[in-house]
Amino acid sequence: MTINLKVWKQKNAKTSGSLETYKVDHVSPDMSFLEMFDVLNEKLVQENKEPIAFDHDCREGICGMCSMYINGQPHGPLEGVTTCQLHMRTFNDGDTIVVEPWRSKAFPVIKDLVVDRSAFDRIIASGGYVSVNTGNAQDANSLPIGKDKADMAFAAAACIGCGACVAACKNASAMLFVSAKVSQLALLPQGQPERESRALNMVAQMDAEGFGACTNTGACAAECPKEISLENIARLNREFLGASISSTGV
Amino acid sequence: MSWLTKTLTSSIGKKLLMALTGLFLCTFLIVHLIGNLQLFKNDGGYAFNNYAVFMTTFPLIKIVSYVNYALILFHAFWGLYITYKNRQARPVGYAVVKNSSNVFSRNMAVLGTILLVYLAVHMSDFWYKYHNEALPYVKYTEQISSGNIETTMMETGYTQEAKKVESLNEAAGTKTIIVKDLYSVVSFSFQNILLVLFYVLSMFAVAFHMFHGFQSAFQTLGWSHPKYTPLIKGIGVWVFAVLIPIGYAAMPLYFYFLK
């Protein structure tokens, strides 16, 4: 296959970038999208040109590092798939593919397709955890959890924090991410002690990072590689509004 | 900052205000439609003109209507403010965007702006004229025994202090009511095809705005449940995006084609 690429090139956070055109020959349909970029980068290095910077790590769809906005969709055209699990057989010989970085004020471009997603880390640090004091772990079966609740918590915990929800949302809102992180703990007994402060602090941090507000378009859930559901956003609204009313902090 | 200000100015709180005001305006859509269905009564405007007097003089209704005007303005400008803030969250846009959400949900601010323009026209067409201009008056003479109503237009230039003057003639067994004739103003206005088109097209904006807005308000309130959410979505589509806009659009069409 021959693939024509239009890739966002940007030197650093301070400069403005533009779309550059590349042609990649001998692309195997079995290559992943990232492997196609590896081939292109090797060629660029051999030609003494600057390779394209992009994020990747596990390449098996579970780490959340890959973050390409491909032909107008985060992680490309397939549903429930990260960029690393997207294969070139999804495209046709001679296709032109436009690849851009996630676009959000809260995710500044570091270089080319690499964006700084530490805003997500700061949101997690503001409440996306349970405090566990020292001592032995108790027997797991001493905490009864209903199967339905466990399943919902697990589905929310599938979020890999890649930021596709932010990239897909017309408001660059991080609500799906934050709602998944709040939900996975709010549904479980371990999450109860810090339930109110978690919802309040994580939403406050989300707002401080400059993400937009949710307008319930549903683009996030449609594009999420882990298919996190919009019900989590309703739950976050409940958790946040409930905590605002009932928490004792004035 | 107090906890309440902090809550209401957070991204979720801002949306809460949109949801609550939006749902209030949904109830207004129902009440306004039911009241105005009296336009379809073939009684020379007797029911409608009396209803107009009641709506503009009964104190409780007056209070609610001013609350309603305030909430419409709040909903509109708060919505535009949120839209403006949301735009700032993506300073550099994409070259290519393939949308996976429905077109109405993405364009609530555009639809809302159309509705605001519509409301300005609508209010100046009827509300402003009813309150501020010399309207024609109509006299209804009701035979108390039979309930028959005779309609007489008052001569041009006739005016009275009150919107409605009622008198009883016991000897003749009749009751006479003289009221501002808003009905004929409505009837006359909707002979203009451009205005009829504008009203009907605006009702499409209502439909599309409600298509997303009604269920979205419940989602913002956190009211999502596998048992009840399908019902909410059904009501949003079939009642608020179909039935109600059709009901409203029927009024200008009725006067243009049938009156």
Test of understanding: among A:ALA204, A:ALA221, A:ALA150, which residue is outside any loop (DSSP other than H, G, I, E, B), at pLDDT 95 or above, over 30 Å from B:PHE104 (Cβ atoms) and facing chain B (nearest Cβ under 10 Å)?
A:ALA204
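Of all residues in the stretch A:88-131, which are of a type in the set (Lys, Arg) and either part of a strand (DSSP E or B) or modelled with pLDDT under 95 (or both)? It would help to see each step written out before you state the result.
Within the stretch A:88-131, the subset of a type in the set (Lys, Arg) is A:89, A:103, A:105, A:111, A:117, A:122.
Across the stretch A:88-131, the qualifying residue is only A:LYS111.
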Would you check if B:ASN42 is over 24 Å from B:ASN86 (Cα atoms) and in a loop (DSSP other than H, G, I, E, B)?
yes
So for the stretch A:231-241 (the condition being in a loop (DSSP other than H, G, I, E, B) and touching a residue at least 60 places away in the same chain (Cβ under 8 Å)), does at least one residue qualify?
no
Out of everything in the stretch B:91-137 that is small (Gly, Ala, Ser) and free of Cβ contacts under 8 Å to residues at least 24 places away in the same chain, what residue ends up being farthest from B:TYR158 (Cα to Cα)?
B:ALA95
Enumerate the pairs (first residue in the stretch A:62-73 and within 17 Å of A:PHE120 (Cβ to Cβ) and within 9 Å of chain B (Cβ to nearest Cβ); second residue anywhere and surrounded by fewer than 24 Cβ atoms within 10 Å (Cβ to Cβ) and aromatic (Phe, Trp, Tyr)) with beta-carbon separation below 8 Å, excluding pairs fewer than 6 apart on the same chain, so at least 6 apart or on different chains.
A:TYR69/B:TYR94
Looking only at the stretch B:90-103, decide whether some residue is surrounded by 15 or more Cβ atoms within 10 Å (Cβ to Cβ), at pLDDT 95 or above, out of contact with any His (no Cβ under 6 Å at 6 or more places or on another chain) and in a helix (DSSP H, G or I).
no
In the stretch A:43-83, which residues are hydrophobic (A, V, I, L, M, F, W, C), surrounded by fewer than 17 Cβ atoms within 10 Å (Cβ to Cβ) and touching a helix residue (DSSP H, G or I) at 6+ places or on another chain (Cβ under 7 Å)?
A:LEU78
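Here is a yes/no grid of residues against (1) in the same structural domain as B:LEU201 (by TED's automatic domain parsing); (2) closer than 30 Å to A:THR96 by Cβ:
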| position | (1), (2) |
| --- | --- |
| B:GLN38 | yes, no |
| B:PHE74 | yes, no |
| B:PHE77 | yes, no |
| B:ILE82 | yes, no |
| B:TYR94 | no, yes |
| B:LEU115 | yes, no |
| B:VAL121 | yes, no |
| B:GLU142 | no, no |
At pLDDT 95 or above, more than 8 Å from chain B (Cβ to nearest Cβ) and either touching a strand residue (DSSP E or B) at 6+ places or on another chain (Cβ under 6 Å) or farther than 17 Å from B:LEU8 by Cα (or both) - does that describe any residue in the stretch A:238-250?
no
Given the criterion under 24 Å from B:PHE58 (Cβ atoms), out of contact with any helix residue (DSSP H, G or I) (no Cβ under 8 Å at 6 or more places or on another chain) and not assigned by TED's automatic domain parsing to the domain that holds B:LYS41, identify the matching residue among B:GLU170, B:GLU166.
B:GLU166
Listed residues B:VAL138, B:VAL121; which is among the β-branched types (Val, Ile, Thr), more than 14 Å from chain A (Cβ to nearest Cβ), in contact with a helix residue (DSSP H, G or I) (Cβ under 9 Å, 6 or more places away or on another chain) and part of a helix (DSSP H, G or I)?
B:VAL121
A:ASN4 versus (1) of a type in the set (S, T, N, Q); (2) without any contact (Cβ under 8 Å) to a residue 12 or more places away in the chain; (3) in contact with a strand residue (DSSP E or B) (Cβ under 8 Å, 6 or more places away or on another chain): which is the lone unmet condition?
(2)
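Kindly indicate whether any position in the stretch B:214-225 is touching an Asp or Glu at 6+ places or on another chain (Cβ under 7 Å) and not in a helix (DSSP H, G or I).
Of the stretch B:214-225, the ones touching an Asp or Glu at 6+ places or on another chain (Cβ under 7 Å) are B:224.
Still in the list and also not in a helix (DSSP H, G or I): B:224.
Yes, there is a match, as at least one residue in the stretch B:214-225 is touching an Asp or Glu at 6+ places or on another chain (Cβ under 7 Å) and not in a helix (DSSP H, G or I).
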Can you work out which of the residues in the stretch A:224-237 that are facing chain B (nearest Cβ under 9 Å) and aliphatic (A, V, I, L, M) is surrounded by the most Cβ atoms within 10 Å (Cβ to Cβ)?
A:ILE233
Could you check A:ASN216 against (1) at pLDDT 95 or above; (2) more than 7 Å from chain B (Cβ to nearest Cβ); (3) in a loop (DSSP other than H, G, I, E, B) and say which number it fails?
(2)
Long-range neighbours under 7 Å by Cβ, at least six apart or interchain, first residue free of Cβ contacts under 8 Å to residues at least 12 places away in the same chain and among the small types (Gly, Ala, Ser) within the stretch A:9-25, second surrounded by 11 or more Cβ atoms within 10 Å (Cβ to Cβ) and assigned to a strand (DSSP E or B):
A:SER18/A:LYS9
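For residues that are of a type in the set (Phe, Trp, Tyr), surrounded by fewer than 24 Cβ atoms within 10 Å (Cβ to Cβ) and within 12 Å of chain B (Cβ to nearest Cβ), tally how many sit in the stretch A:84-113.
Taking the stretch A:84-113 as the starting set, the residues that turn out to be of a type in the set (Phe, Trp, Tyr) are A:91, A:102, A:107.
Next, from what is left, pick out any that are surrounded by fewer than 24 Cβ atoms within 10 Å (Cβ to Cβ): A:91.
Add one more test, that the residue is within 12 Å of chain B (Cβ to nearest Cβ), and what stays is none.
Result for the stretch A:84-113: 0.
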How many of the residues making up the stretch B:71-102 are facing chain A (nearest Cβ under 10 Å) and either among the hydrophobic types (A, V, I, L, M, F, W, C) or closer than 18 Å to A:MET175 by Cβ (or both)?
17
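The values are calculated or read from the model by the stated rules, or taken from the named source; none is laboratory data. If you're wondering where the values come from, they're calculated on a predicted model, not measured in any experiment. Glycine gets a Cβ as well: all are built from the backbone with ideal geometry, and neighbour counts include every protein chain shown.
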